[in-house]
Amino acid sequence: MKAQFITFKILKENGLIHKYLNHSSVKNRAPHDYSYLQKAAQKPYRFAFLLAKDNPAPNFFNMQDVFTGEELLMYSPGVAQDYGDALMFYCMVSDNGQCYQTYGPIGAFRGFDPNDIFFYASELNPAITTDEELHEFVQKEPLKFSALLPFTNIPVTVNGKDELIEIVTFGNTQGIKKSGLNKDFDVKTFDDFQICSLKKYGEFPHFATLFLDWKEEEIVLSAMTDVGYDKMVEAVVKLGAKIPEYADIRLHPSMKIAMKDILKKEILLHPFDASVSDDESLDDMDKESLILLLDKLIFLVNENRRPDFAKLAHEFSQDENTVKDLYKLILEKVGKR
């Protein structure tokens, strides 16, 4: 990683290479070496998050830059090792005149997607609002994204057909018929604040929950599966609310775990994420317990240690069969048995 970073500082856009080319010790190198450095100065190295579209020849890949949309042909034996398993790659790339190639460590992420990276970047720099701004920030602070490399093997977690992903949307209470809440929700009221758990979808794995702050006229929709979120949107729309077409946040639990470790702080996704005391919280505690359980299981898998299922079930208030199923799933995702 040190060699990669030093190379980037030299050969990035407006990098140190432009000063070095005028230095006598560089000018005195063999003509073909100096010519190579001159050409390298005209084709800057950069860091990129890439999606592998296909594999037209051994070690060659048609890639798409997640945040610029650029498509490129890339040669990389390193990418070949993880092609088919990784959702996305983080690489330093350069154009050699015939194709792109990678240099240095490659992040082959099994549990992160572009939404996760955008959320992480916006937590590092709240001023980021566009893909272009994110791409520029990556070039300025590549090591902050290299910090994600230890988490490449954390897989996407699935329960049956449902992928676990934290989905959050913000809105306002305007138009909502308060009297109709009890039809589709189990409602808990705390003065001007209500926590509404969607019937049939309020428990594991969906945790579909509506938060209503009538005093501030704010609502938050929160769920941990797409089907739970979609069912909740249907119920809230029936109450008269206007919900945006796309959710404001889609974050995999794996990224939340990574951010907590890297940034050394709790990651709260909305204002009500930690607003209810322990004795009043219901499904929120179940959801947090599940995320902590996943964190523990992933740690044990990485350490090649077999869990004590009964102890973990008691510690995290989960059914023992659920713990076993999650452990088995993680083993399958990382290619262990």
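Could you tell me which residue of the range 154-167 is most open to solvent (accessible area, probe 1.4 Å), considering only residues that are part of a loop (DSSP other than H, G, I, E, B) and either under 14 Å from Met259 (Cβ atoms) or not polar (S, T, N, Q) (or both)?
Let us first name the residues in the range 154-167 that are part of a loop (DSSP other than H, G, I, E, B), namely 154-157, 160-161, 164-165.
Those still in the list that are either under 14 Å from Met259 (Cβ atoms) or not polar (S, T, N, Q) (or both) too: 154-156, 160-161, 164-165.
On the way: Ile154: 12, Pro155: 7, Val156: 20, Gly160: 72, Lys161: 200, Leu164: 1, Ile165: 2 Å².
Applying the filter and picking the extreme gives Lys161.
Checked against (1) among the small types (Gly, Ala, Ser); (2) modelled with pLDDT under 95; (3) over 11 Å from the mean Cα position of the chain (by Cα), Ser122 meets all criteria but (2). Among the criteria (1) open to solvent by 60 Å² or more (accessible area, probe 1.4 Å); (2) at pLDDT 80 or above; (3) not in a helix (DSSP H, G or I), the one Ala274 does not fulfil is (2).
When the range 101-153 is filtered for residues that are in contact with a Pro (Cβ under 8 Å, 6 or more places away or on another chain), outside any helix (DSSP H, G or I) and among the hydroxyl-bearing types (Ser, Thr, Tyr), nothing remains. Pairing each residue of the range 169-187 that is at negative phi with any residue that is in a helix (DSSP H, G or I) and of a type outside the set (Asp, Glu), provided the two are 6+ apart or on different chains, yields C-beta distances under 6 Å for Asp184/Ala235; Val187/Leu181. Please work out which residue is surrounded by the most Cβ atoms within 10 Å (Cβ to Cβ), limiting yourself to the range 206-240 and to residues that are touching a Leu at 6+ places or on another chain (Cβ under 9 Å) and assigned to a helix (DSSP H, G or I). Once the filter is applied, the top-ranked residue is Met232.
Could you identify the single residue in Tyr83, Tyr45 that is modelled with pLDDT under 95, in contact with a strand residue (DSSP E or B) (Cβ under 9 Å, 6 or more places away or on another chain) and on the phi < 0 side of the Ramachandran plot? Before the answer, list the steps.
Values: Tyr45 fails: modelled with pLDDT under 95.
Exactly one residue qualifies, and that residue is Tyr83.
Quick check, is Leu263 among the hydrophobic types (A, V, I, L, M, F, W, C), within 19 Å of the chain's Cα centre (by Cα), at pLDDT 80 or above and open to solvent by 30 Å² or more (accessible area, probe 1.4 Å)?
Values: among the hydrophobic types (A, V, I, L, M, F, W, C): yes; within 19 Å of the chain's Cα centre (by Cα): yes; at pLDDT 80 or above: yes; open to solvent by 30 Å² or more (accessible area, probe 1.4 Å): yes.
Judged against the criteria, Leu263 is a match.
If you go through the range 168-203 and pick out every residue that is among the polar types (S, T, N, Q), open to solvent by less than 80 Å² (accessible area, probe 1.4 Å) and part of a strand (DSSP E or B), you end up with 4. Return yes when Gly104 is open to solvent by 10 Å² or more (accessible area, probe 1.4 Å), out of contact with any Lys or Arg (no Cβ under 6 Å at 6 or more places or on another chain) and at positive phi and no when it is not. Yes. The set of residues from the range 201-239 being over 21 Å from Ser179 (Cβ atoms) and either among the aliphatic types (A, V, I, L, M) or without any contact (Cβ under 8 Å) to a residue 24 or more places away in the chain (or both) comprises Ala223, Met224, Val227, Asp230.
The residues of the range 316-331 that are within 24 Å of Pro150 (Cβ to Cβ) and either open to solvent by 90 Å² or more (accessible area, probe 1.4 Å) or touching a strand residue (DSSP E or B) at 6+ places or on another chain (Cβ under 6 Å) (or both) amount to a single one, Lys328.
Let's see how each residue does on (1) surrounded by 10 or more Cβ atoms within 10 Å (Cβ to Cβ); (2) assigned to a loop (DSSP other than H, G, I, E, B); (3) modelled with pLDDT under 95:
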site: Gln4; (1), (2), (3): yes, no, no
site: Phe8; (1), (2), (3): yes, no, no
site: Asn22; (1), (2), (3): no, yes, yes
site: Ser25; (1), (2), (3): no, no, yes
site: Ser35; (1), (2), (3): yes, no, yes
site: Ala41; (1), (2), (3): yes, no, yes
site: Leu50; (1), (2), (3): yes, no, no
site: Pro56; (1), (2), (3): no, no, no
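The values are calculated or read from the model by the stated rules, or taken from the named source; none is laboratory data. The shown structure was predicted, so the numbers you read here are calculated from the model rather than taken from an experiment. Methodologically, a virtual Cβ is constructed for each residue, glycine included, from the backbone with ideal geometry; neighbour enumeration extends over all protein chains shown. Just the protein is used for accessible areas: all its heavy atoms, side chains included, with ligands, DNA and RNA removed. Shrake-Rupley method; radii C 1.70, N 1.55, O 1.52, S 1.80 Å.
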